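Below: the structure, in structure tokens.
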Amino acid sequence: MRRAVCPGSFDPVTHGHLDIIGRAAGLFDEVVVAVLVNKSKRSLFTVEERIGMLEDVTAPFGNVSIGSFHGLLVDYCREHDIHAIVKGLRAVTDFDYELQMAQMNQRLSGVDTLFMSTSPEYSFVSSSLVKEVATYGGDVAHLVPAPVYRRMLERIRERA
């Protein structure tokens, strides 16, 4: 069975993330979306909330499951018998960093990384940018799934 992981913080999950996840689901028998647990980072949503939203929005993909990890991604891959990492690339700046990570991951564990270029309509989208624009009242409804958008607005109002 060909298994891959799509790692990230997904705070919040965007249509750009779903584009990569969906395309990966077409290439692999199983795709695990792994949410990074980073306690030092102040996130908009808890890991549990992000997992729940990902479960909701990836439900149409029958071969996608959701998990979480902390520490090294390659350790997660070893523990779950995953041999490929799928990463979306928006721009050259993404590539510089991701290439170094891919080479380190391959050297540490033999896990290969597949880079997928984002679809042009999502090439500028990042979770950080979506949160920032939404915080200042900008309309980002077209950049995230509807249930995620509603929860994001609620959380921003709670924190204001």
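Would you confirm whether any residue within segment 128-149 is assigned to a helix (DSSP H, G or I), surrounded by 15 or more Cβ atoms within 10 Å (Cβ to Cβ) and out of contact with any helix residue (DSSP H, G or I) (no Cβ under 9 Å at 6 or more places or on another chain)? No; the residues of segment 128-149 include none that is assigned to a helix (DSSP H, G or I), surrounded by 15 or more Cβ atoms within 10 Å (Cβ to Cβ) and out of contact with any helix residue (DSSP H, G or I) (no Cβ under 9 Å at 6 or more places or on another chain).
Just name the residue that is modelled with the lowest pLDDT out of those in segment 102-111 that are surrounded by fewer than 16 Cβ atoms within 10 Å (Cβ to Cβ) and among the aliphatic types (A, V, I, L, M). So, considering only residues that are surrounded by fewer than 16 Cβ atoms within 10 Å (Cβ to Cβ) and among the aliphatic types (A, V, I, L, M), the one modelled with the lowest pLDDT is Leu108. In the set (1) more than 19 Å from Pro12 (Cβ to Cβ); (2) at pLDDT below 95, the condition left unmet by Tyr76 is number (2). Is it the case, given these coordinates, that Glu98 is touching a Phe, Trp or Tyr at 6+ places or on another chain (Cβ under 7 Å) and of a type outside the set (A, V, I, L, M, F, W, C)? For Glu98, the condition - touching a Phe, Trp or Tyr at 6+ places or on another chain (Cβ under 7 Å) and of a type outside the set (A, V, I, L, M, F, W, C) - is met.
Against the condition within 19 Å of Val13 (Cβ to Cβ), not basic (Lys, Arg) and not in a helix (DSSP H, G or I), how does Gly71 come out, does it pass? No. Hey, among the residues in segment 40-98 that are surrounded by 15 or more Cβ atoms within 10 Å (Cβ to Cβ) and among the basic types (Lys, Arg), which one's farthest from the chain's Cα centre (by Cα)? So the residue we want is Arg78.
The residue pairs whose first member lies in segment 30-41 and is more than 11 Å from Phe10 (Cβ to Cβ), whose second member is surrounded by fewer than 18 Cβ atoms within 10 Å (Cβ to Cβ) and at pLDDT below 90, and whose beta carbons are closer than 8 Å, counting only pairs six or more residues apart or on different chains, are Glu30/Met1. In this structure, is Asp94 part of a loop (DSSP other than H, G, I, E, B) and either out of contact with any helix residue (DSSP H, G or I) (no Cβ under 8 Å at 6 or more places or on another chain) or among the acidic types (Asp, Glu) (or both)? Criteria not met by Asp94.
Only residues that are touching a helix residue (DSSP H, G or I) at 6+ places or on another chain (Cβ under 7 Å) and crowded, with 16+ Cβ neighbours inside 10 Å: list them for segment 117-127, please.
Answer for segment 117-127, where residues must be touching a helix residue (DSSP H, G or I) at 6+ places or on another chain (Cβ under 7 Å) and crowded, with 16+ Cβ neighbours inside 10 Å: Thr118, Tyr122, Val125.
The values are calculated or read from the model by the stated rules, or taken from the named source; none is laboratory data. Not measured: the values here are computed from a predicted model. No Cβ is skipped: glycine too gets one built from the backbone with ideal geometry, and neighbour counts run over all protein chains shown.
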